[in-house]
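Data first, discussion second: the structure below is written as structure tokens.
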Ligand SMILES: [Zn+2]
């Protein structure tokens, strides 16, 4: 959901909270933010506030670094993520 151009189709579909990646159904929430002519829905007020603080951060994935930190801490985080995936079946991400 990093498109900047308005896409009317997206309004009728379940869309993704650009902040945490959770699926949000438009119409189920009033947590909407308009940015550059596009509406974005959020699962919580926290996510909406985070988005409005810095929309570019969430709309331009190129600027977000997904690289793990290097060193033992990075390896630890990676292992934790893997363990979580096994425990919880790799379901949709949740922010709360
Ligand atoms: Zn969220």
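Return a yes/no flag: does region 41-54 have any residue that is more than 11 Å from the ligand (Cβ to nearest atom), modelled with pLDDT under 75, surrounded by fewer than 12 Cβ atoms within 10 Å (Cβ to Cβ) and on the phi < 0 side of the Ramachandran plot.
No, every residue in region 41-54 fails to be more than 11 Å from the ligand (Cβ to nearest atom), modelled with pLDDT under 75, surrounded by fewer than 12 Cβ atoms within 10 Å (Cβ to Cβ) and on the phi < 0 side of the Ramachandran plot.
From the list 5, 10, exactly one residue is part of a loop (DSSP other than H, G, I, E, B), closer than 19 Å to residue 60 by Cα and modelled with pLDDT under 90. Which is it? Give the steps one after another, and end with the answer.
Values: 10 fails: part of a loop (DSSP other than H, G, I, E, B).
Sole residue among the options that is part of a loop (DSSP other than H, G, I, E, B), closer than 19 Å to residue 60 by Cα and modelled with pLDDT under 90: 5.
Quick one: is residue 31 in contact with a strand residue (DSSP E or B) (Cβ under 7 Å, 6 or more places away or on another chain), at pLDDT 85 or above and surrounded by 11 or more Cβ atoms within 10 Å (Cβ to Cβ)?
Yes: the conditions hold for residue 31.
The values are calculated or read from the model by the stated rules, or taken from the named source; none is laboratory data. In this text the structure is predicted, and so the values were computed from the model without any measurement. Quick reminder, even Gly has a Cβ in these numbers, built from the backbone with ideal geometry, and neighbours come from all protein chains shown.
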